[in-house]
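See structure below.
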Amino acid sequence: MKSIKEMTQGELAAFVQSRLREKGVDVVLSGGAAVSLYSNNRYVSLDLDLVNPYFVKRRAIRETMQEIGFREQGRHFVHPDTQFFVEFPPGPLAVGAEPVKQVNELTFSTGALRIISPTDCVKDRLACYYHWDDFQCLEQAVLVARANRIDLHEIEWWSQAEGKLDEFRRIRDQLTGREK
Amino acid sequence: MLEPLLGSTNAERVLVFIFARTEGYAREIARVFGGDPDSIQKQLAKFESGGVLVSRTAGRTRLYSLNPRYPFLKELKSLLEKALSFYPEEEREHLVMSRRRPRRRGKPL
């Protein structure tokens, strides 16, 4: 097994998840780190958001994180051998008002990584763009959409449910790479 | 009103205030309800870490608002709207009818 110092972002996330899973704690990677993985690191996030969908008590998470050398620092867990830090946002696992139905599993040498799908990753970033006009989030959504097979109809339907159909229509061509 | 559901008076005060005024900060909420700003601040932080609220800073003040990405936002707003409709008229007006338009510096009332 690689040391934490040598682990890539995906390997570290898989390692942490595997150790938590052994203790019955199931978490799912979301947020900026999912964008990093799905964009082949064209966007870099040092923050590993492992969503805690079933509201497991923080004490249980803290114990496991301490066993593998992480130290709690406010909301985050940091490790002396890696620049990546881990956060456990509270559940439910959702994009906007809709629950995440499909979770993908990627295999790394350090374990299995449960991660939101590329389509949900795009929705997650678009939620941030739709509600806060954050253009960095739009850029991240575009990176993921162009590097992966995504369900554009599903994203359109979801945008409509979020009351953002007009915004979706404005950025649709950016997602598909068919800009004029 | 919602205390049995939310578990504390301050939790209700915080959510009802922010629903009625769109955003708010601890000292302001405490002033309106006559509570302790530190307890209100703790409740705001608790809702933020639970994903119900988000915050931003304006000068030295941390302003909180409902998280537009909270999955139960629509349902929460319905509940708060209903709760607010049960508040005494005077209290409801005090919460909802606050000045939101800008006031130029130095302008007399």
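The values are calculated or read from the model by the stated rules, or taken from the named source; none is laboratory data. Quick caveat, the model's predicted, so the values are computed rather than measured. Note that we place each Cβ from the backbone using ideal geometry, even for glycine, and neighbour counts take in every protein chain shown.
Points to keep in mind about this one:
- If only residues of the stretch B:18-38 that are touching a Ser or Thr at 6+ places or on another chain (Cβ under 9 Å) and exposed (fewer than 15 other Cβ atoms within 10 Å of the Cβ) are counted, the one that is farthest from the other protein chains (Cβ to nearest Cβ) is B:ARG27.
- Against the numbered list (1) crowded, with 18+ Cβ neighbours inside 10 Å; (2) closer than 24 Å to A:TYR129 by Cα, B:GLU12 comes up short only at (2).
- Qualifying residue in the stretch B:68-90 (condition: in contact with a strand residue (DSSP E or B) (Cβ under 6 Å, 6 or more places away or on another chain), buried (at least 16 other Cβ atoms within 10 Å of the Cβ) and aromatic (Phe, Trp, Tyr)): no
For (1) out of contact with any strand residue (DSSP E or B) (no Cβ under 7 Å at 6 or more places or on another chain); (2) modelled with pLDDT under 95; (3) within 14 Å of chain B (Cβ to nearest Cβ), each residue gets a yes or a no:
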residue: A:PHE70; (1), (2), (3): no, no, no
residue: A:PHE77; (1), (2), (3): no, no, no
residue: A:ASP81; (1), (2), (3): yes, no, no
residue: A:PRO90; (1), (2), (3): no, yes, yes
residue: A:VAL100; (1), (2), (3): no, yes, yes
residue: A:GLU105; (1), (2), (3): no, no, no
residue: A:ASP133; (1), (2), (3): yes, yes, yes
residue: A:GLU139; (1), (2), (3): yes, no, no
residue: A:VAL144; (1), (2), (3): yes, no, no
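- Count of residues meeting criterion [among the small types (Gly, Ala, Ser) and surrounded by 14 or more Cβ atoms within 10 Å (Cβ to Cβ)] in the stretch A:70-81: 0
- Residues of the stretch A:61-75 satisfying the condition of being part of a loop (DSSP other than H, G, I, E, B), out of contact with any Phe, Trp or Tyr (no Cβ under 7 Å at 6 or more places or on another chain) and more than 29 Å from A:HIS131 (Cα to Cα): A:ILE68, A:GLY69
The rows are residues; the columns are (1) more than 11 Å from chain A (Cβ to nearest Cβ); (2) acidic (Asp, Glu); (3) closer than 19 Å to A:ALA127 by Cβ.
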position: B:LYS42; (1), (2), (3): yes, no, no
position: B:SER55; (1), (2), (3): yes, no, yes
position: B:LEU73; (1), (2), (3): no, no, yes
position: B:LEU80; (1), (2), (3): yes, no, no
position: B:LEU84; (1), (2), (3): yes, no, no
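- Candidate set from the stretch A:111-131 (those that are more than 13 Å from B:ARG69 (Cβ to Cβ) and either aliphatic (A, V, I, L, M) or surrounded by fewer than 16 Cβ atoms within 10 Å (Cβ to Cβ) (or both)); member that is farthest from the other protein chains (Cβ to nearest Cβ): A:ALA112
- Restricting attention to the stretch A:14-60, the residues being within 18 Å of A:VAL100 (Cβ to Cβ) and in a loop (DSSP other than H, G, I, E, B) number 7.
- Members of the stretch A:137-156 that are assigned to a helix (DSSP H, G or I), free of Cβ contacts under 8 Å to residues at least 40 places away in the same chain and out of contact with any Leu (no Cβ under 9 Å at 6 or more places or on another chain): A:HIS153, A:GLU154
- Test: residue in the stretch A:163-179 that is over 27 Å from A:GLN9 (Cα atoms), within 14 Å of chain B (Cβ to nearest Cβ) and assigned to a helix (DSSP H, G or I): yes
- One residue from A:SER109, A:SER159, A:SER117 being of a type outside the set (A, V, I, L, M, F, W, C) and without any contact (Cβ under 8 Å) to a residue 24 or more places away in the chain: A:SER117
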